[in-house]
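The values are calculated or read from the model by the stated rules, or taken from the named source; none is laboratory data. This one's a predicted model, so the numbers in the text were calculated from it and none came from an experiment. Note that each Cβ is placed from the backbone with ideal geometry, even for glycine, and that neighbours are counted across all protein chains shown. For accessibility, only protein heavy atoms count, side chains too; no ligands or nucleic acids. Shrake-Rupley method; radii C 1.70, N 1.55, O 1.52, S 1.80 Å.
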Amino acid sequence: QVQLVESGGDLVQPGGSLRLSCVASGSIFSRYAMGWYRQAPGKQRELVATISSGDITLYADSVKGRFTISRDNAKNTVYLQMNSLKPEDTAVYYCTAALSILTIMTRNGYWGQGTQVTVSS
């Protein structure tokens, strides 16, 4: 079983930036597709971004141009760089891992515990 631990969530003002990190256990990290989801109070968990084992990326329209997903296989870590943050970005952010992008998108992969991001004045 893959264990995922997110960090980096914080309170930030609109227009600010944060970088989230997710560290995965195990020695096969480079084989996995990775993703970030977020869930705001009273809303469904929604896909934010994915990155394949070949570094192909996909973004939700709501974050395109502002967020960047990346990975460092030597550190078993996936990142989400978030710039130009808006109040509507406020949510618990979760990382997920699976052996295919399809499994990421169907929410059937492994999950971390989440990290809180709050964008507010």
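Quick notes on this one:
- Residue check, residue 38 in contact with a strand residue (DSSP E or B) (Cβ under 7 Å, 6 or more places away or on another chain) and either of a type outside the set (A, V, I, L, M) or touching a residue at least 12 places away in the same chain (Cβ under 8 Å) (or both): yes
- From the list 64, 86, 43, the one residue that fits, being open to solvent by 60 Å² or more (accessible area, probe 1.4 Å), under 29 Å from residue 121 (Cβ atoms), in contact (Cβ under 8 Å) with a residue 60 or more places away in the chain and of a type outside the set (Asp, Glu), is 86.
- Selection status of residue 39, out of contact with any helix residue (DSSP H, G or I) (no Cβ under 9 Å at 6 or more places or on another chain) and either among the basic types (Lys, Arg) or under 20 Å from residue 112 (Cα atoms) (or both): yes
- Candidates in the stretch 19-40 are the residues that are of a type in the set (S, T, N, Q) and part of a loop (DSSP other than H, G, I, E, B); of these, the one that is most open to solvent (accessible area, probe 1.4 Å) is 27.
- Selection of the stretch 109-121 for residues being over 20 Å from residue 62 (Cα atoms) and surrounded by fewer than 14 Cβ atoms within 10 Å (Cβ to Cβ) yields 113, 121.
For every residue, the table says whether it meets (1) more than 21 Å from residue 13 (Cα to Cα); (2) of a type outside the set (S, T, N, Q); (3) in a strand (DSSP E or B).
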residue: 48; (1), (2), (3): no, yes, yes
residue: 53; (1), (2), (3): yes, no, no
residue: 58; (1), (2), (3): yes, yes, yes
residue: 63; (1), (2), (3): no, yes, no
residue: 70; (1), (2), (3): yes, no, yes
residue: 74; (1), (2), (3): yes, yes, no
residue: 80; (1), (2), (3): no, yes, yes
residue: 84; (1), (2), (3): no, no, no
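- Each residue in the stretch 1-18 was checked for being closer than 18 Å to residue 119 by Cβ and open to solvent by less than 40 Å² (accessible area, probe 1.4 Å), and 6 pass.
- The one condition in (1) among the small types (Gly, Ala, Ser); (2) more than 14 Å from residue 117 (Cα to Cα); (3) in contact with a Lys or Arg (Cβ under 8 Å, 6 or more places away or on another chain) that residue 84 fails to fulfil: (2)
- In the stretch 96-108, residue most open to solvent (accessible area, probe 1.4 Å) [restricted to those that are within 12 Å of residue 47 (Cβ to Cβ) and touching a residue at least 24 places away in the same chain (Cβ under 8 Å)]: 107
- Yes/no for residue 30 being in contact with a Ser or Thr (Cβ under 7 Å, 6 or more places away or on another chain) and modelled with pLDDT under 95: yes
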